[in-house]
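Take a look at the structure below.
The values are calculated or read from the model by the stated rules, or taken from the named source; none is laboratory data. Remember, predicted model here, so these are calculated numbers, not experimental data. A quick note on method: Cβ atoms are made from the backbone with ideal geometry, for glycine too, and the neighbour counts reach across all protein chains shown.
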Amino acid sequence: MRKVLSVAGLLLLVALFFVGMVLGGGEEIKGGREEPASLDPIGTLTDTDFSALEQAFGCPVPYGSRSGVGRVTDAQLGSLQARVLTWQADNGIVTRAVRPAEAVQLIRYDDLTLDNSTAWTLGSRTLLTAAGGNAACVYFSDEDAAYCLYQQNADIEKLLARLASDVTFPQ
């Protein structure tokens, strides 16, 4: 039963990313859903204090290390206002997050190929994986935002092992 739920979750996540990344490029949100609340503009904030960036972003974000450098910036996807956080941790894991989650296209790595042949989970999160060249990333979302965790010089298995041991996920 757990495996069936994991596969169903993965398929739902793949559908969300497919719509957001492939078909949603710059178009307004449609389909009778309510548009997310507007975000007050903040411009761009660059800092080495992860807590300050997380506060400016507006919700908790997974991270590889609190030591690093990052930024939070306002973004636009069609008529959708969004906020993007990018954090380069000193341990080499890059966290990218966007809110609302419907703006997932803003954190996508175009040079990586999505792989939905295997269902991956980490804790209770269903992950969509992508890899290419010598880099890998995982995508997931929750009710607050969409997230991408990226590592250079890694394949999916190596990245997942690092995430399980070196990344702190908000509860």
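General remarks:
- Hey, residue 170 modelled with pLDDT under 90, closer than 26 Å to residue 47 by Cα, outside any strand (DSSP E or B) and not basic (Lys, Arg) or not: yes
- In region 40-67, residue farthest from residue 162 (Cα to Cα) [restricted to those that are touching an Asp or Glu at 6+ places or on another chain (Cβ under 7 Å) and either in a helix (DSSP H, G or I) or not hydroxyl-bearing (Ser, Thr, Tyr) (or both)]: 41
- Considering region 106-120, the residues that are at pLDDT 90 or above and assigned to a strand (DSSP E or B) include one that is surrounded by the fewest Cβ atoms within 10 Å (Cβ to Cβ), namely 113.
- Test: residue in region 72-85 that is touching a helix residue (DSSP H, G or I) at 6+ places or on another chain (Cβ under 8 Å), surrounded by fewer than 19 Cβ atoms within 10 Å (Cβ to Cβ) and among the charged types (D, E, K, R): no
- Residue 44 modelled with pLDDT of 95 or more, out of contact with any helix residue (DSSP H, G or I) (no Cβ under 7 Å at 6 or more places or on another chain), among the polar types (S, T, N, Q) and surrounded by fewer than 16 Cβ atoms within 10 Å (Cβ to Cβ): no
- Selected residue (criterion: farthest from residue 137 (Cα to Cα)) from residues of region 86-105 that are surrounded by fewer than 19 Cβ atoms within 10 Å (Cβ to Cβ) and free of Cβ contacts under 8 Å to residues at least 60 places away in the same chain: 90
- Cβ pairs under 8 Å, 6+ apart, first in region 121-134 and over 16 Å from residue 146 (Cβ atoms), second part of a strand (DSSP E or B): 121/127; 131/113; 131/115; 131/137; 132/113; 134/152
- Residue check, residue 154 small (Gly, Ala, Ser) and not in a strand (DSSP E or B): yes
- Count - residues of region 40-85 that are basic (Lys, Arg) and closer than 19 Å to residue 137 by Cβ: 1
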